[in-house]
Amino acid sequence: MLYDYGVMKIIASFSDNQYPFTGIDHTREISRAIVGDGHGHYAVHFLKRDDIFGKSDYYETPGGGIDAGETPEEAVVRECREELGYHVKVLAPLGEVDDFYNLIKRQNHNHYYLCQREGDYLGVDYVSEGDLIIAKTLWLPIPEVLALYEKMPNEGVSALVKQREVPIWEAALRVTKGK
């Protein structure tokens with residue numbers, strides 16, 4: 001299906017080839033964003049963790065779980081406000097990606113959106129435990145973001161995030177170059 005920004009919506013599913021499969025007992029609905037600043041730079045979080053997934057650092061798009069009663073679009077706006085400190089306008093859906101975290105027996109159903117940052121910086125408002133692993137947020141051109149993902153390790157949680165997000169960033173690059 002074509003959207004206003006001229007890109008095919010990505011629908012993908014990736015298995016977890018990093019951790020042993022012990023079953024899936026829940027699905028988490030997630031909204032994620034490729035957020036532009038209007039000047040060719042896009043937000044990407046640099047995460048650091050030392051937990052059940054091991055010690056690692058990697059990059060990931062802003063976003064998080066969809067709360068009960070929220071639409072995916074409402075969730076991505078809320079998550080961006082919390083994690084980036086800005087209101088955002090949803091411009092277009094980029095796709096949906098299913099992936100799995102075998103270690104915590106979870107399937108993730110990710111809704112990705114292209115968004116535009118609006119207004120003044122309001123300050124971040126971290127509200128979830130997952131927000132606490134955000135070490136910093138970078139604003140970079142998409143090719144530089146893709147270069148960061150390429151340098152991420154091809155093992156552990158970094159590999160899982162990389163396989164899920166690189167196709168979305170590539171779609172966002174095509175979309176933004178086509179404007």
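Assorted remarks:
- Placing +1 on the Cβ of every Lys and Arg and -1 on the Cβ of every Asp and Glu, with nothing else charged, gives segment 101-156 a dipole about its Cα centre of roughly 240 debye.
- Among residues other than GLU70 with Cβ under 15 Å from its Cβ, the summed charge is -2 (Lys and Arg +1, Asp and Glu -1).
- Residues in segment 21-36 carry Karplus couplings, in order, of 7, 10, x, 10, 10, 7, 10, 10, 7, 10, 10, 10, 9, 9, 10, x Hz; the curve used is 6.51 cos²θ - 1.76 cosθ + 1.60 with θ = phi - 60°, and Gly or Pro positions show x.
- Cβ crowding within 10 Å averaged over residues, with 99-108, 54-63 ranked highest first: 54-63, 99-108
- Per-residue ellipticity at 222 nm from helix content only, as computed over the chain with -39500 (n - 2.57) for each DSSP H run of at least four residues, stands at -8000 deg cm²/dmol.
- Packing-based order for 153-165, 119-131, using average beta carbon neighbours within 10 Å, highest first: 153-165, 119-131
- Estimated translational D of segment 22-126 in µm²/s (Stokes, Kirkwood radius over Cα pairs; 4 °C; 1.567 mPa s): 89 µm²/s
- Beta bridges from DSSP with both residues in the chain: antiparallel share about 65 percent, rounded to the nearest 5.
- Taking 7 Å steps out from each Cα toward its Cβ at LEU140 and SER15 produces label points 3.1 nm apart.
- 10 Å beta-carbon shell around HIS41, net charge (K/R +1, D/E -1): -1
- Paramagnetic reach from PHE46 (point 7 Å along Cα→Cβ, amide N under 12 Å) across segment 143-179: 148
- FRET efficiency, ILE24 to LEU122 (Cβ-Cβ, R0 30 Å, nearest 0.05): 0.20
- Residues whose placed amide H lies under 5 Å from that of ILE10, excluding near-sequence neighbours: GLY95, GLU96
- The magnitude of the dipole of segment 49-179, with charges of +1 and -1 set on the Cβ of Lys/Arg and Asp/Glu and taken from the Cα centre, is near 460 debye.
- Net charge dipole size for segment 78-121 [Lys, Arg +1 and Asp, Glu -1 on Cβ; Debye, nearest 20]: 80 debye
- Pairs from LYS105/LYS136; LYS48/LYS177; LYS55/LYS105 whose Cα-Cα separation, in the structure shown, is over 21 Å: LYS105/LYS136; LYS48/LYS177
- Binned Cα-Cα distance frequencies in the chain - 10 Å width, integer %: 10, 39, 39, 11, 1
A short reminder: the numbers here are calculations on the coordinates, not readings from a lab. Quantities reported herein were computed from a predicted structural model and do not represent experimental measurements. Don't worry about glycine lacking a Cβ; one is built from the backbone with ideal geometry, like all the others, and counts go over all protein chains shown.
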